[in-house]
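Bear in mind these aren't lab numbers, they're just calculated from the coordinates by the rules spelled out. What you see is a predicted model, and the numbers here were worked out from it, not measured in a lab. Because the Cβ atoms are built from the backbone with ideal geometry, glycine has one as well, and the counts that use them run over all protein chains shown.
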Amino acid sequence: MSGIKWRAEFEIGIPDVDHEHRELVDWINQALLASADATQDRDVVLDLLGEIHTKVSAHFALEERVMRERGYDQLREHKQDHELLLDDIRDIMDEYEAGSDSVEERFSERISEWFGLHFRTHDARFHRHLPGSH
Ligand SMILES: [Fe+2]
Ligand SMILES: [Fe+2]
């Protein structure tokens, strides 16, 4: 299983944030691995995808709360990008429910691109502009 491969370019250079992102990606990979094992049971796979969605939303909600509390100037743009990813995960779930396979392939293709870009742009800017937000 390939899952989301951690790449050096995911790192934004703030150790705590990089650590947190690495944990998030590791966790997604574990859930994807479990879903690959459970392909005979589509409900289990859907549950795992639902858990990924929940965990990723929780990470985003935390960031958005800090941005709101501290009056961050790009909250709207940042939140929009979070929503794009959550919509993508929803789409993957819908496609899977409608009968498609290769959940993991879709994640590695679509989701890893998103992480690479989001970490380097939105998250890097956010954490640099708000010292102590990590
Ligand atoms: Fe983040
Ligand atoms: Fe973010």
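Testing the spin-label approximation: label points 7 Å from Cα along Cα→Cβ at Leu130 and Arg42. State their distance in nm.
Once both label points are built, they end up 4.1 nm from each other.
Give me the dipole magnitude in Debye, nearest 20, for the chain about the Cα centre, with unit charges on the beta carbon: positive for Lys and Arg, negative for Asp and Glu.
Dipole about the Cα centre, nearest 20: 640 debye.
Using the Cα centre of the chain as origin and beta-carbon charges of +1 (Lys, Arg) and -1 (Asp, Glu), tell me which of Ile4, Val45, Leu24 is placed farthest towards the positive end of the dipole.
Comparing the listed Cα positions along the dipole, Leu24 ranks first.
Restricting to Cα atoms and excluding each atom paired with itself, what does the Kirkwood estimate give for the stretch 13-129 in Å?
About 15.0 Å, per the Kirkwood formula over Cα pairs.
May I ask for the longest run of the chain untouched by trypsin sites (Lys or Arg not before Pro) that are loop-located per DSSP and have at most 16 neighbouring C-beta atoms (other than their own) within 10 Å?
71-134
Compute the angle between helix 15-37 and the longest alpha-carbon principal axis of the chain, please, reported from 0 to 90 degrees and rounded to the nearest 10.
Once rounded, the angle reads 10 degrees.
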